[in-house]
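The values are calculated or read from the model by the stated rules, or taken from the named source; none is laboratory data. In this text, all values refer to a predicted model and were calculated from it rather than measured experimentally. Methodologically, a virtual Cβ is constructed for each residue, glycine included, from the backbone with ideal geometry; neighbour enumeration extends over all protein chains shown.
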Amino acid sequence: MNLTEEPTEKPLWSVLISSFDDNCDIWPIFFHFLFKHWPDVPTPVYLVTNFRKYDDPRVVSLCVGADVSWGDTMTKSLEKIPSKHVWMLLEDFFLTHPIRTERIDSLVRDWDRMGGKYLETGRQSDIGPLIPGTDFRRIPAENPQAGINSAMYEVQFLKELAQPGWSLWRGNTQLGKLNRESHPDLYYLRKGVEPMIQFVEAVKGRFWKPVAMDYLKETAVQPDLAWRPFPPQGQGMIPKLIRSIHKRRIAWRKKRDERRFAAGEVPPLVRPLDV
């Protein structure tokens, strides 16, 4: 480092997108809505992948190699994050409303001063101790709401939930246990204030959810239904049979189309008109 240069201050928080290569078809749509509704999102945005990269200068792909476990993947990813906290989202959380960076930054700074380890960003509640002078409540044991989803984490705390060899289920179970044991540093927003984030959860298993298809139609975004179908819903014999056939076709097509992303670069969504 040049001694005349000022040291670069590490960011307080970063945005981390949890994903893996099999869901790379979702990345262009996710980032389309992210940058549309949050144009001044703090960059770089970090994307967890195995080998592939998303082709956008605002995104850093954290290529962690082959899947071993959720804990191994997160541990390797978090080692590459320079900030104290991360706002972790899933790749199928399609934003539906604008996010105001100045408000998020103010909330995170208040939460950090309180020694926060976990902040549930997708839920609000009127249950639990209200922290004077803030919009936060502690998540109480009698209303356990902490889960590994859309949430802000202290990086060190997330590492404790994502230990090598641990599954996502085990990490989520550990977080729920801490919540039920009245861990003092788990928070959510009180009801009645502006939400931190609003989104459509777009995927269930290998398929698009109906709410996602409605949203994509409304916003004139066309998903690749050959890569990820939208089969009939319901628990009847015929819908189940159709979904089973689709699962087999998906496996065959992914193997056949492996060269589709052979270069490792997934391009952004190309649209003639932003809706």
For the stretch 65-99, what are the residues that are out of contact with any His (no Cβ under 9 Å at 6 or more places or on another chain), in a strand (DSSP E or B) and buried (at least 21 other Cβ atoms within 10 Å of the Cβ)?
His85, Val86, Trp87, Met88, Leu89, Phe93
For Trp208, the lone unmet condition from (1) surrounded by 16 or more Cβ atoms within 10 Å (Cβ to Cβ); (2) under 26 Å from Glu79 (Cβ atoms) is (2)
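Run down Ala220, Ala226 and say which single residue is more than 30 Å from Lys117 (Cα to Cα), modelled with pLDDT of 80 or more and outside any helix (DSSP H, G or I).
On the way: Ala226 fails: modelled with pLDDT of 80 or more.
Only one candidate qualifies: Ala220.
Determine whether Trp70 is aromatic (Phe, Trp, Tyr), under 20 Å from Arg170 (Cβ atoms) and within 15 Å of the chain's Cα centre (by Cα). Reasoning before the result, please.
Working: aromatic (Phe, Trp, Tyr): yes; under 20 Å from Arg170 (Cβ atoms): yes; within 15 Å of the chain's Cα centre (by Cα): yes.
Considered against the rule, which asks whether it is aromatic (Phe, Trp, Tyr), under 20 Å from Arg170 (Cβ atoms) and within 15 Å of the chain's Cα centre (by Cα), Trp70 comes out as yes.
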Suppose we filter the stretch 43-59 for residues that are touching a Pro at 6+ places or on another chain (Cβ under 7 Å) and either among the hydroxyl-bearing types (Ser, Thr, Tyr) or surrounded by 17 or more Cβ atoms within 10 Å (Cβ to Cβ) (or both); how many remain?
2
So, first residue surrounded by 15 or more Cβ atoms within 10 Å (Cβ to Cβ) and at pLDDT 95 or above in the stretch 165-181, second residue among the aliphatic types (A, V, I, L, M) and part of a helix (DSSP H, G or I), Cβ within less than 6 Å, six or more apart or across chains; the pairs are Gly171/Leu161; Gln174/Leu161; Leu175/Leu161
